Each structure stands twice: as structure tokens, then as C-alpha cells.
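Below is one structure, written out as C-alpha cells, with a few remarks after it.
The values are calculated or read from the model by the stated rules, or taken from the named source; none is laboratory data. Since this is a predicted model, take the numbers as computed values, not measurements. Backbone-built Cβ (ideal geometry, glycine too); neighbour counts: all protein chains shown.
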Amino acid sequence: MSGGGTLEIDVEQLRSNQGLIHVCVTREADYFPDCENDPAATRNSIRAADTHSIRFSNLPSGNYAVSIIHDENSNRQLDRFAGIPREGIGFSRNPRFSFGPPSFAAAVFHLDSAGGTQRIRMRYFL
């Protein structure tokens, strides 16, 4: 392994194989959960039908949080109705949340050079 750990993310309970899965891995609470404007975030988008496991290699040891959107209509955004997500969302450590996304502290985990796995359950509200 050269320089860092490998993070394996297993995506569970997708309601369909339609669209895209957008994954964001960040070390910064200020940019969680959407990673918008985070220059150090690691992102990936894959077709939902292709796989339910995503790998990020050579991540430096440290604390991270992961957010996932199941973009079923492939429009590259989280669709909402009256503020409620119409598409699936998931977070590292599978924290409980009700109004708004969980905090960075609720989703954060430590990754060392040995790597690790996060099993993230998707949640759907509509």
C-alpha cells in the first residue's frame, strides 16, 4: 500500500438500480454533508446498476465522514419536495436523524493506514 489506507464503502438498501450514486468523502465539518466547495474532498459517481461497493484508495490517516445520494433520475442533484428528500440519502456510521442531515460528529469515523469499511444504509422518505 503506497501512502494511505483504502476505504471500502458498501451501499445497502438501494430501492432501485436506476440512476447514479454520488459519494462524497470529507475530513472537514464545514463542508459536510454536500462537500460543496471542499477542495480536499474525494468524490465519485457511479451508475447504481453497476455496483453497490465503492473503493477510495490512498487516503491519508485521519477522521472522515461520508455522504451518499441515490440520484435516481440522474440529474446530479438531490431532488426534494417541501424540503424532504425525494431520493435516497445515506451517511457513514448510519446515524439517526430526522430534520436535516446528521452532524459531522455523528458521521465521523477514523481511517488508518490499514484501511476500513463503512456499510451505509440508504434512507428514503418519499
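Exactly one residue out of THR51, THR42 is loosely packed, with under 13 Cβ neighbours inside 10 Å, of a type in the set (Val, Ile, Thr) and under 18 Å from ILE120 (Cα atoms): that is THR51. Pull up region 89-100, narrow it to residues that are of a type in the set (Gly, Ala, Ser) and without any contact (Cβ under 8 Å) to a residue 12 or more places away in the chain, then point me to the one that is surrounded by the most Cβ atoms within 10 Å (Cβ to Cβ). Step by step, filter region 89-100, then rank; the result is GLY100. Restricting THR26, THR51, THR6 to residues that are more than 10 Å from the chain's Cα centre (by Cα) and at pLDDT 95 or above narrows the list to THR6.
When the residues of region 101-126 are filtered to those that are among the hydrophobic types (A, V, I, L, M, F, W, C) and outside any loop (DSSP other than H, G, I, E, B), which remaining residue is surrounded by the most Cβ atoms within 10 Å (Cβ to Cβ)? Filtering first and then ranking leaves ALA107.
Which of the residues spanning region 41-65 are touching a residue at least 24 places away in the same chain (Cβ under 8 Å), hydroxyl-bearing (Ser, Thr, Tyr) and either under 10 Å from CYS24 (Cα atoms) or in a strand (DSSP E or B) (or both)? It would help to see each step written out before you state the result.
Just the residues of region 41-65 that are touching a residue at least 24 places away in the same chain (Cβ under 8 Å), to begin with: 45-49, 52-65.
Filter again for hydroxyl-bearing (Ser, Thr, Tyr), leaving 45, 53, 57, 61, 64.
Residues satisfying the conditions are SER45, SER53, SER57, TYR64.
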